[in-house]
Amino acid sequence: MRKFDRSMRTVVILAAVLIVAVAGLLTATALMPEFIPPEGNSNSVDRDAPVWNASYDDLIAYLQEKGFIGTKSDLLTEGIATEAKQYDEVEIYWWDVDNLPKDSPEYEAWSSMQEEGYILLFGQYTFVPIMNGPFAISIHDTYKGDSKALRAAFEEFAGVDKNED
């Protein structure tokens, strides 16, 4: 009889610990703030920002003038953006959002960036660029320049300074 009492006491203690743990988790979950999407990947696009009046060529000239990219480029895969090229180890994208057909792969990629914060390429590779208006860049790990300075310059392009927000 004594052995049964010890086992029963252990079961009761374990059940009480589990109940307290589950109650604690439920309380913590209920008190957590709602999900806030990462900065720059929200549905609210400020179409009045100066960056929306800039062209792809304006961005390329700006980055070349600052010495972040060279003049040689390679065409990237189609179906992601209106314009997509790689300069050195920097991929540069631009979406002509106003003229993209709603059923095009480019519009789907644009929408994915705005809603999900990433673009899924070929169903297997997730591409998460740095966005600024209708532009995006992706800096490879093998980039030989100052990637932090490049990112800051890109974010400041066309008068949009993300650090002021």
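The values are calculated or read from the model by the stated rules, or taken from the named source; none is laboratory data. Because the structure is predicted, anything quoted here is derived from the model rather than measured. Reconstructed Cβ throughout: ideal geometry from the backbone, glycine too, with neighbour counts over all protein chains shown. All accessible areas refer to the heavy atoms of the entire protein, side chains included, with ligands and DNA or RNA removed. Shrake-Rupley method; radii C 1.70, N 1.55, O 1.52, S 1.80 Å.
Let's test the formula: R0 of 22 Å, r as the Cβ-Cβ distance of VAL11 and MET32. What FRET efficiency results, to the nearest 0.05? E between VAL11 and MET32, to the nearest 0.05, is 0.10. Averaging over all projection directions, the Cα-based convex hull of region 51-155 occupies 6.6 nm² in the image plane.
What FRET efficiency do you get for HIS140 and LYS102 if R0 is 41 Å and r is their Cβ-Cβ distance, rounded to the nearest 0.05?
Plugging the Cβ-Cβ distance into 1/(1 + (r/R0)^6) gives 0.85.
The accessible surface of region 85-152, taken with every protein chain in place and a 1.4 Å probe, is 45 percent carbon and sulfur.
With a simple spin-label model that places each label point 7 Å from the Cα along the Cα-to-Cβ direction, the separation between ALA152 and LEU25 comes to 4.4 nm.
Within the shell of other residues whose beta carbon sits under 9 angstrom from the beta carbon of ASP96, the net charge comes to -3, with Lys and Arg scored +1 and Asp and Glu -1.
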